[in-house]
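A.B. asks: Sharing a structure here in structure tokens format.
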Amino acid sequence: MRVLHVVSEVYPLIKTGGLADVAAALPAAQARLGAEARLLVPGYPEVMALAETLAPIAALPEAPGGAAAWLRFGEIEGLGVPAYVIDCPALYAPSGHPYLDEAGIDRPENPLRFGLLGRTGATLGAGLDAGWRPTAVHAHDWQAGLAPLHMALDRAAGIRAEDGGPPAASVITIHNLAYQGLFPAETRALLGLPESVMSVEGAEFHGKFGFLKAGLYHADRITTVSPTYAAEIRTPAEGCGLDGLLDTRAAEGRLVGILNGIDDTVWNPAADAYLPAPYDAADPAPKARSKAALQRRLGLSERADTPLFGIVARANRAKGLDMLLNVLPGLVSRGGQLALLLAGDRDLEQGFREAMTAWPDRVAGQIGYDESLSHLIQAGADCVLVPSRSEPCGLTQMYAMRYGSPPLVRRTGGLADTVVNAEPAAVASGEATGFVFDDPTDAALAGTLAWAMDLHRDADAWARIRQAGMIRDFGWTAPARQYLALYAAARADR
Ligand code: ADP
């Protein structure tokens, strides 16, 4: 099986969220299972800096506006599998955030940047690299959404692979349905696509050109990152306007939820260079040193018995951060501390800045992005907060369990699929791994925080919950296998 992952970010080269973690770990896990997995990524400066030794494969004449573009291929330091890189300075030159400019606004050239990504994924699927043609092209999120569309167009035009073999299967994974890549209708012409694609049976979405919509309509299979989210997105409440299409595709047996795993080589408290001392389920005691280091680094009062909550997230309403801000006074007055690492919506960032000023020894952290602090919070916190209104899968709650910091989460999407609530029977049986609330309200979050703080005083119960999370298997092997079976099924349909 040869799999091409078409993706707009990959850890450690460029990352805005969980997508980059998945793009690093899933192909590597598939390679360990014997598949040939490769990546296709845009040649951002952060990527090109490491791409000097890559071999040129072919010119890419489809680059919009006739820009010079080359496809290169090879091993890149830090990645577990080889990668194709689109070398096109005219499109990918600005460094920094891959989707936003310095003012935090969507980059105007995004449709061109990611139009070329999808186009190139499809062209590789049709055999652009004579030495390696994928059996499956796996597109991730809206940025790769045009790959399945181009593959369908090529197929309809009777374009066969150069070697005459069957066309590659197309799979698209929704990592977050809220981001759809919607652009003005004129985008179609800018991308050189035929008028016919602007229809309900194609890329059209309420008069706009939709990258994700195009991918969802045309892919042989759709996956999303947890079984609960796969069910939620078929409903008007969570379907972001695409529930009708998703429900139809699910009824055809073409939509499934496959839970993400976590990357043991990056997230493992027994071998994490960011922590002051390693620890594991057999000997969790050195975790206390991470707590002290975190309190010291952030200027929180250094007390081992104070319940220390942690949060590492993109700052927005979907992550429930407005609710957290509202309940902070209660958390502080009950004697808790919060270590935070947030970046995102400016008003939420400002709210948390003010909280840090108001209670410097109680609420502290960083507004921004910081890999080392994200690890230290996972290890140093007693409990990691994930109060999301919507959460397709969520990785931070799994990292928290692995690091012995039972997560407090809302019951939605992948949070519902991964965290077992600390009801007394579940604690007694050793199944409970965290704290779960249902209603997306300040009151429900505040009540659950208070309950977790009470339970924190019960050292035996807390240790059981911590232990259950630390020993749970969140590895990538099982999901990687599920994806390989899915590609095979999609191929067999042909
Ligand atoms: P999402 O993909 O919606 O952002 P996930 O929980 O799936 O949420 O993944 C978030 C990933 O991004 C985790 O690896 C988390 O550690 C990381 N992350 C989020 N915000 C920050 C930040 N401010 N600094 C460093 N890492 C962050």
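The values are calculated or read from the model by the stated rules, or taken from the named source; none is laboratory data. Keep in mind the model is a prediction, meaning the values are calculated, not measured. Ideal geometry is used to build each Cβ from the backbone, glycine not excepted, and the neighbour counts take in all protein chains shown. Side chains are part of the model used for accessible areas, which takes the heavy atoms of the whole protein and leaves out ligands, DNA and RNA. Shrake-Rupley method; radii C 1.70, N 1.55, O 1.52, S 1.80 Å.
A.B. asks: Specify which residue in the list Pro479, Leu376, Ala443 is farthest towards the positive end of the charge dipole of the range 360-494, using unit charges on the beta carbon of Lys, Arg (+1) and Asp, Glu (-1), about the Cα centre.
C.D. replies: Most positive-ward Cα: Pro479.
A.B. asks: Let me ask something additional. Tally the DSSP beta bridges in the chain and give the antiparallel ones as a percent, rounded to 5.
C.D. replies: If we restrict to bridges inside the chain, about 25 percent are antiparallel.
A.B. asks: A further question follows. Divide, for the range 1-81, the radius of gyration over alpha carbons by 2.2 N^0.38 Å, where N is the residue count.
C.D. replies: Details: Rg = 13.1 Å, N = 81, 2.2 N^0.38 = 11.7 Å.
After normalising by residue count via 2.2 N^0.38 Å, the value is 1.13.
A.B. asks: Assign unit charges at the C-beta atoms only (+1 for Lys and Arg, -1 for Asp and Glu), then state the dipole size of the range 265-368 relative to its Cα centre in Debye, rounded to the nearest 20.
C.D. replies: Working: 13 positive and 11 negative charges, 14 e Å.
The calculation lands at about 60 debye.
A.B. asks: For the range 58-73, just list the computed ³J(HN,Hα) in residue order, Karplus coefficients 6.51, -1.76 and 1.60, θ = phi - 60°, integers in Hz, with x standing in for Gly and Pro.
C.D. replies: Karplus values, whole Hz, x for Gly and Pro: 6, 6, 10, x, 7, 4, x, x, x, 4, 6, 8, 10, 9, 10, 8.
A.B. asks: Give the span of the range 308-431's Cα atoms along each principal axis, as three whole-Å numbers ordered largest to smallest.
C.D. replies: 42, 30, 27
A.B. asks: Now for a different question. Could you give me the radius of gyration and the Dmax of the range 293-343, taking only the C-alpha atoms into account and expressing both in angstrom?
C.D. replies: Reported Rg and Dmax, both Å: 11.7, 32.
A.B. asks: Still on this structure, please answer the following. Are there trypsin sites (Lys or Arg not before Pro) in the range 123-212 that DSSP marks as loop and that have at most 15 other Cβ atoms within 10 Å, and which are they?
C.D. replies: Hits after loop and neighbour filter: Arg160.
A.B. asks: I've got another one for you. Would you work out which of Pro269, Ala23, Ala103 lies farthest towards the positive end of the dipole of the chain, given +1 charges on the beta-carbon of Lys and Arg and -1 on that of Asp and Glu, about the Cα centre?
C.D. replies: Toward the positive end, the furthest listed residue is Pro269.
A.B. asks: Here's another thing I want to ask about it. Hey, any idea what the orientation-averaged projected area of the convex hull of the range 257-329's Cα atoms comes to, in nm²?
C.D. replies: One quarter of the hull surface, i.e. the mean projection, equals 7.4 nm².
A.B. asks: Using per-residue counts of other Cβ atoms within 10 Å, averaged over each peptide, order 116-126, 312-322, 196-206 from highest down.
C.D. replies: Descending mean neighbour count gives 116-126, 312-322, 196-206.
A.B. asks: Treating only the Cβ of Lys, Arg, Asp and Glu as charged (+1, +1, -1, -1), what charge dipole size does the range 335-422 show about its Cα centre? Round to the nearest 20 debye. Please report the intermediate quantities before stating the final value.
C.D. replies: Details: 7 positive and 10 negative charges, 50 e Å.
Value, rounded to 20: 240 debye.
A.B. asks: Based on the alpha carbon coordinates of the range 363-469, what radius of gyration and maximum Cα-Cα distance (Dmax) apply, in Å?
C.D. replies: Computed over the Cα atoms of the range 363-469, radius of gyration and Dmax are 13.2, 40 Å.
A.B. asks: Taking the Cα centre of the range 436-494 as origin and charging only Cβ (+1 Lys, Arg; -1 Asp, Glu), how large is the dipole, in debye to the nearest 20?
C.D. replies: That gives the range 436-494 a dipole magnitude of about 540 debye.
A.B. asks: To continue, here is another question. Between Arg491 and Ala292, what is 0.36 nm times their sequence separation minus the Cα-Cα distance? Round to one decimal in nm.
C.D. replies: Full extension from Arg491 to Ala292 adds 66.3 nm.
A.B. asks: Carbon and sulfur together cover what percent of the accessible area of the chain at a 1.4 Å probe radius?
C.D. replies: Answer for the chain is 53 percent, counting heavy atoms of protein chains only.
A.B. asks: Now a separate question. From the alpha carbon gyration tensor of the range 202-256, can you work out the equivalent ellipsoid semi-axes (sqrt of 5 times each eigenvalue) and give them in Å, largest to smallest?
C.D. replies: Here the semi-axes work out to 18, 13, 9 Å.
A.B. asks: So what's the range 413-465 giving for Rg/Rh, alpha carbon basis, Kirkwood Rh from the mean inverse pair distance? Mind dumping the intermediate values first?
C.D. replies: Numbers: Rg = 11.3 Å, Rh = 11.5 Å.
Looking at the range 413-465, the ratio lands at 0.98.
A.B. asks: Keeping all protein chains in place, calculate the accessible area per residue for the chain (probe 1.4 angstrom), answer in Å².
C.D. replies: 38
A.B. asks: With only alpha-carbon atoms counted, please give the Rg and Dmax of the range 152-204, in Å.
C.D. replies: 14.1, 39
A.B. asks: What are the lysines whose alpha-carbon lies under 25 Å from the alpha-carbon of Lys319, with same-chain residues fewer than 8 places away excluded?
C.D. replies: The qualifying lysines are Lys15, Lys213, Lys291.
A.B. asks: Here's something else I'd like to know. For the range 9-161, what mean projected area does the convex hull of the alpha carbons give, in nm²?
C.D. replies: 8.9
A.B. asks: Same structure, new question: At 222 nm, what helix-only mean residue ellipticity would the chain give, in deg cm²/dmol to the nearest 500, using -39500 (n - 2.57) for each DSSP H run of four or more?
C.D. replies: On the way: 19 runs with 187 residues, N = 494.
Taken over the chain, the calculation gives -11000 deg cm²/dmol.
A.B. asks: Additional query: For the chain, max minus min Cα coordinate along each principal axis, in Å, sorted largest first?
C.D. replies: 68, 46, 43
A.B. asks: What are the residues whose amide H is under 5 Å from the amide H of Phe437, where those residues sit 5 or more places off or on another chain and H is modelled from the backbone?
C.D. replies: Val409, Arg410, Arg411
A.B. asks: Can you pull the Rg over Rh of the range 452-494, Cα-only, Kirkwood?
C.D. replies: 1.44
A.B. asks: Share of Cα-Cα pairs in the range 382-431 beyond 13 Å, in percent?
C.D. replies: 54
A.B. asks: Continuing with this model, one more query. Put one equal scatterer on each alpha carbon of the range 64-137, apply the Debye formula with no solvent term, and list log10 I(q)/I(0) at q = 0.20 1/Å to two decimals.
C.D. replies: Relative scattering, expressed as log10 I(q)/I(0), comes to -1.00.
A.B. asks: Could you pull out the GluC sites (Glu not before Pro) across the range 211-297 that fall in loop regions by DSSP (anything but H, G, I, E, B) with no more than 16 other Cβ atoms inside 10 Å?
C.D. replies: Passing both the DSSP loop test and the Cβ count: Glu252.
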